[in-house]
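Working notes for the structure below.
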Amino acid sequence: MNKFIVSLCVLFSASAMASTVTAYDPQVYLDDQYEVIQEHFSGFDVTKEEGSIVVTIPTDKGFAVGGHTLTRSVRDRVKRLGVYLNEHNESLINVYGHTDSTGSATRNEELSLQRANTVVEQLLAVYVNPYRITVKGEAAEVPKCTNASERGKACNRRVEIEITFSQMRF
């Protein structure tokens, strides 16, 4: 009988605790993050789309043309973003590398993936859980601007960090 009463107490306690667990509204969660991330990446293109926040690192601010090494200032910003995202472990992070259409498709695929991986390395350096991160080299397949002009090509050379909400905590 005592075991039954103890079991009931445990069951009711667990039920009470479960009812007090805070459920996040994904849009409110992302809205809060957007404000902080926008301030953190001032001077960069930070956009809020339905269900995600996208930080765009243009090549001219983050990488040498044709290279995949991050500048020190961008490297530090990405690390600070990683520290912030560690405090908000309901976020998933997708990192996409992009190039313009100049050069071979193979080289652009390699370069776009190298740039995306360079950003991911900075997130991992501050212990962002790798299970939260996906990485993809898009090459010239997803242009943001036309590749017909130098200005358009510069616009297409970028890395995008997309932050989305997940019900799971990592």
List pairs: first in the range 109-130 and under 19 Å from Glu90 (Cβ atoms), second charged (D, E, K, R) and surrounded by fewer than 22 Cβ atoms within 10 Å (Cβ to Cβ), Cβ under 7 Å, 6+ apart or cross-chain? Val126/Lys79
Checking Val135 against (1) of a type outside the set (Gly, Ala, Ser); (2) part of a helix (DSSP H, G or I); (3) under 23 Å from Arg72 (Cα atoms), only one condition comes out false. Which one? (2)
Could you list, in sequence order, all residues of the range 35-62 that are free of Cβ contacts under 8 Å to residues at least 40 places away in the same chain, over 22 Å from Asp25 (Cα atoms) and not acidic (Asp, Glu)? Ser42, Gly43, Phe44, Lys61
Report, by residue number, each residue of the range 118-162 that is among the acidic types (Asp, Glu) and farther than 14 Å from Thr59 by Cα. Glu121, Glu138, Glu141, Glu162
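Let me confirm something: among Thr71, Thr99, Thr47, Thr56, which residue is touching a Leu at 6+ places or on another chain (Cβ under 9 Å), modelled with pLDDT of 90 or more, among the β-branched types (Val, Ile, Thr) and farther than 22 Å from Tyr127 by Cβ? Even if it seems obvious, please write down each step before you answer.
Details: Thr71 fails: touching a Leu at 6+ places or on another chain (Cβ under 9 Å); Thr47 fails: touching a Leu at 6+ places or on another chain (Cβ under 9 Å); Thr56 fails: touching a Leu at 6+ places or on another chain (Cβ under 9 Å).
When all the criteria are applied, what remains is Thr99.
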Output for the range 98-128, where each listed residue is more than 12 Å from the chain's Cα centre (by Cα) and buried (at least 18 other Cβ atoms within 10 Å of the Cβ): His98, Thr99, Asp100, Asn108, Leu111, Ser112, Leu113, Arg115, Thr118
If you go through the range 144-165, how many residues are part of a loop (DSSP other than H, G, I, E, B), surrounded by fewer than 18 Cβ atoms within 10 Å (Cβ to Cβ) and touching a helix residue (DSSP H, G or I) at 6+ places or on another chain (Cβ under 8 Å)? 4
Filter result (within 21 Å of Ser73 (Cα to Cα), in a strand (DSSP E or B) and charged (D, E, K, R)) within the range 30-55: Asp45
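Residues are listed down the side, and each one gets a yes or a no for (1) of a type in the set (Phe, Trp, Tyr); (2) under 15 Å from Arg132 (Cβ atoms); (3) surrounded by fewer than 14 Cβ atoms within 10 Å (Cβ to Cβ); (4) out of contact with any strand residue (DSSP E or B) (no Cβ under 7 Å at 6 or more places or on another chain):
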site	(1), (2), (3), (4)
Gln27	no, no, yes, yes
Gln38	no, no, no, no
Val55	no, no, no, no
Asp60	no, no, yes, yes
Val65	no, no, yes, yes
Leu70	no, no, no, no
Val74	no, no, no, no
Tyr84	yes, yes, no, yes
Residue check, Val65 in a loop (DSSP other than H, G, I, E, B) and over 28 Å from Val28 (Cα atoms): yes
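The values are calculated or read from the model by the stated rules, or taken from the named source; none is laboratory data. Keep in mind the model is a prediction, meaning the values are calculated, not measured. When we count neighbours, we look across all protein chains shown, and the Cβ atoms used for this are built from the backbone with ideal geometry, even at glycine.
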